[in-house]
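Report on the structure given below.
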Amino acid sequence: MNKSMQNTTLVYIEKDSKYLMLHRTKKQNDYNHDKWIGIGGKFEETESPEECILREVKEETGLTLNEMEYRGIVTFVSDENFTEYMHIFWSDNFSGELIECDEGELEWVEKSRMNDLPHWKGDEIFLKLLELSVPFFSLKLVYEKGILLSAILNGKKLEIG
């Protein structure tokens, strides 16, 4: 099977020990339907990761990132979809007012509640890396039928449970 590849960005915007999360509920045929994810999206032609995340945050939230940290890359592999290279950012320096998002509901979620919401299992790994301020990381997540089969961090296989 010939699957496509795509580059995307994802940012975790933090305020008062909460992340701004998007509950994906509004798009038809959404691979992330009903999941809670960070803010981001697909690259447009000629965009850098930084340009993409700045544009996506503005479009989806109305906010402007004043500063951000490029924290890692996640290679997301799925038997049902495509291979996605997610460029992961973190920020706690932003300005503006939230707008309504056409992809779902935006909500500030306590970091301690993140794993209680519907999400991709592999998100728990990179959220932990963000929380620990791990230096730039490369994480490969392999899914089959939506189930996380393997996780490889900086070339070393992780135990998943």
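The values are calculated or read from the model by the stated rules, or taken from the named source; none is laboratory data. In this text, all values refer to a predicted model and were calculated from it rather than measured experimentally. All Cβ positions, glycine included, derive from the backbone under ideal geometry; neighbour counts span all protein chains shown.
Let's see how each residue does on (1) in a strand (DSSP E or B); (2) out of contact with any Gly (no Cβ under 9 Å at 6 or more places or on another chain):
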| position | (1), (2) |
| --- | --- |
| GLU47 | no, yes |
| GLU50 | no, yes |
| LEU54 | no, yes |
| VAL57 | no, no |
| PHE76 | yes, no |
| ASN81 | no, yes |
| MET86 | yes, no |
| ASP92 | yes, yes |
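Looking at this structure, is LEU20 part of a loop (DSSP other than H, G, I, E, B), modelled with pLDDT of 95 or more and not basic (Lys, Arg)? Criteria not met by LEU20. Contact annotation: residue pairs with Cβ atoms under 8 Å, 6 or more positions apart or on different chains, pairing a residue in the stretch 122-133 that is under 15 Å from LEU10 (Cα atoms) and surrounded by 13 or more Cβ atoms within 10 Å (Cβ to Cβ) with a partner that is of a type in the set (Ser, Thr, Tyr) and modelled with pLDDT of 95 or more, are LEU127/TYR12; LEU130/TYR12. Of all residue pairs spaced 6 or more apart or on separate chains, those with beta-carbon atoms under 9 Å, a first member in the stretch 90-112 that is surrounded by 13 or more Cβ atoms within 10 Å (Cβ to Cβ) and of a type in the set (Ser, Thr, Tyr) and a second member that is at pLDDT 95 or above and not in a strand (DSSP E or B) are SER91/ILE53; SER91/VAL57. The residues of the stretch 32-45 that are part of a strand (DSSP E or B) and not basic (Lys, Arg), listed by number, are TRP36, ILE37, ILE39, GLY40, GLY41.
Looking across the stretch 120-138, the residues that are within 17 Å of PHE76 (Cβ to Cβ), among the hydrophobic types (A, V, I, L, M, F, W, C) and over 12 Å from the mean Cα position of the chain (by Cα) come down to LEU129, PHE137.
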